[in-house]
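The values are calculated or read from the model by the stated rules, or taken from the named source; none is laboratory data. All of these numbers come straight from a predicted model, not from anything done at the bench. Don't worry about glycine lacking a Cβ; one is built from the backbone with ideal geometry, like all the others, and counts go over all protein chains shown. Keep in mind that these areas ignore ligands, DNA and RNA; they rest on the heavy atoms of the full protein, side chains included. Shrake-Rupley method; radii C 1.70, N 1.55, O 1.52, S 1.80 Å.
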Amino acid sequence: EASDQLYRTSFHFQSPQNWLNDPNGPMLHKGIYHLFYQYNPKGAVFGDKMVWAHSVSCDLINWMHLRHALCPTEPFDINSCWSGSITILPESRPVILYTGIDADNRQVQNLAMPKNLSDPLLTEWIKFSQNPVMTPPQGVDAHNFRDPTTAWQGLDGKWRVIVGSWSNNQGMAILYRSKDFLSWTKSESPIYSTDKTGMWECPDFYPVRINSSEGVDNSILNPNIKHVMKAGFSSHDYYILGTYVPEMDKYTPDTNFTGTTVDLRYDYGKFYGSKTFFDSVNRRRILWAWVNESDSSEDDIRKGWSGLQSIPRQIWLDSGGTQLLQWPVEEINELRGNKVSIAHRKLESESVLEVNGITASQADVEIVFDLPELENAEFLKDPILDPELLCSNANASVKGRFGPFGLLVLAAKDLTEKTAIFFRIFRGKNGYTVLMCSDQSRSSLRDGVDKTTFGALVKIDPRREKVSLRSLIDHSIVESFAGEGRTSITTRVYPTVAVHEGAHLYVFNNGTKSVVVSRLDAWSMSNARIKQYEDSSHQS
Ligand code: DQQ
């Protein structure tokens, strides 16, 4: 009912109704951005006849929903069209590789291509008559073989693609090669496997430039790139960096997955099923991810929808070559309206400062802190191995010396509801540690929603770089970026009082040492235009 529509977002991508999950085959084609995504036409829970829904945009922010691109119709996908990717073949011909659940409930890989290449919206797709092009190989269970990546071309002109899998207790990226993109041959060994993880879902494999934030096409093979190997497992999206040698299809990782909290993640909150694509016009790689709900499936059925897509993020390699950086695409700034600013404002211990004059339920906030007398930070003798645990044990109400300080977003006037995004600074034997937390423990007076607190380290040296935070706030989602994109945490919250005009924004300092807000800029965000296209409004 209407009261439940408190949680619909104003500038995040979401379907008009029902359940969505993974982004599929995102691309830019002839000036139009395409987003396909896993969708259940029949309800607000994951379904047994999943389709590829399809939306288009000129700016990644305003979207038009078209008719579904792939529906279960053939023996090779009659039980669902699951996730997959798009590869743009020469003469800019996009082709889809996707996982079908076939008549025997096996996971098989199928090919689809546009019915009419001169249709600028690529509204209709036809499935290759010889599908499936890949079936579960010997020794691989038919339920552990899915989510083909965007393909890339080797120096030999052959196409390569990775399929996520798990067999012999190893999470792995199975490699296939093809000369014509129609018949595919499995390579004798996976391009990467590890006994430290479960099933690899939605793998991604792409080059990133060394010393440049520019993106490159998947098939670029030159010495000043590294390759990202990403896999979804244990409910999170993890990655490693390494070097890919095309002649031998060999991937040499800089570090391996450990299956522990030290593994690098795109986002340390709710962010899954992600997929990147290369935007060749703006020479940037863009990352999409599914952000699921933290309420119950009963809530989802009652409110009639479930799932959001993150704000698309540009993603690139940091100058040290040891992690990826992410930042909301600049097009999101078009939605910025009324702005308020604060400069050089000292925040004494136990102080809360309201940021007035913007719509706190849909806002974009950037804040930079100065920390005088940093040398007085608490000493930490051991490194933090589990930031999330530390944030959960020491939430926004637990005083430290430097921290907790940060933002209270989607906060009620009396602070009975608030989501705290904050930092703690520690001094160690060899330098400083910056901890970032997203504390949902007081986010809602409601029960029955997941209020797990998230945490992560921000690899900056606070002696040389200021502690900075950007949060995109949109009714029931908060996407936070620290250290100019070094660390991001996405969360879902369902306040009962801090909604619409009842939502407020504060800066706070609960540490015993004062800190300085050297700069805060906050904007009201207007609504994106996300709507049904006439001729597809009949479909659910
Ligand atoms: N969701 C898809 C699968 C994928 C999983 C089905 C990841 O293809 O492995 O909707 O969220």
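Here is how the numbers come out for the structure above:
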read-out	value
Accessible-area ranking of SER118, SER518, largest first, probe 1.4 Å	SER118, SER518
Local net charge near GLY428, Cβ-Cβ under 15 Å (Lys/Arg +1, Asp/Glu -1)	+3
Cysteines not pairable in the chain (beta carbon separation under 4.7 Å absent)	CYS58, CYS71, CYS81, CYS202
The stretch 182-302 - percent relative contact order, Cα under 8 Å, separation 6 or more	22 percent
Cβ-derived FRET efficiency at R0 22 Å, HIS344 paired with LEU415, nearest 0.05	0.30
Contour minus Cα-Cα distance for THR512 and ASP59 (0.36 nm per residue)	158.6 nm
Size of the stretch 428-540 as Cα extents on the principal axes (Å, biggest first)	63, 31, 24
From the C-alpha gyration tensor of the stretch 14-73, square roots of 5λ in Å	21, 12, 9
Cα centre as origin, Lys/Arg/Asp/Glu Cβ charges: the chain dipole, Debye	860 debye
Cα-based Rg / Dmax (Å) for the stretch 361-406	13.5, 40
Most to least accessible of LYS270, LYS30, LYS186 (protein chains only, probe 1.4 Å)	LYS30, LYS186, LYS270
Accessible surface, per residue, of the chain when the full set of protein chains is kept, probe 1.4 Å, Å²	38 Å²
Over the stretch 273-418 - Rg/Rh using Cα atoms and the Kirkwood inverse-distance radius	0.99
Long-range amide H partners of TRP327 with built H, under 5 Å	GLN314
Volume in Å³ per residue [convex hull over Cα atoms, computed for the stretch 229-319]	146 Å³
Distant alpha-carbon pairs in the chain (separation over 29 angstrom), percent	52 percent
VAL140 accessible area, assembled protein chains, probe 1.4 Å, Å²	20 Å²
q = 0.10, 0.11, 0.12, 0.24 Å⁻¹: log10 I(q)/I(0) that the Debye formula gives for the stretch 1-112, counting C-alpha atoms only	-0.32, -0.38, -0.45, -1.34
Where SER234, SER349, SER438 fall by accessible area, highest first, once all protein chains stay in place (1.4 Å)	SER234, SER349, SER438
Value of [θ]222 nm, deg cm²/dmol, for the chain, DSSP H segments ≥ 4, -39500 (n - 2.57) each, nearest 500	-500 deg cm²/dmol
Accessible carbon and sulfur surface of the chain relative to its total accessible area, %, 1.4 Å	50 percent
Solvent-accessible area of MET172 with every protein chain in place, 1.4 Å probe, in Å² to the nearest 10	20 Å²
The stretch 147-287 - Kirkwood radius from inverse mean 1/r over Cα pairs (Å)	15.4 Å
The chain: relative contact order in percent, alpha carbon pairs under 8 Å with at least 6 residues between	15 percent
Positive-end residue of VAL497, ASN168, GLY321, charge dipole of the chain with Cβ unit charges	GLY321
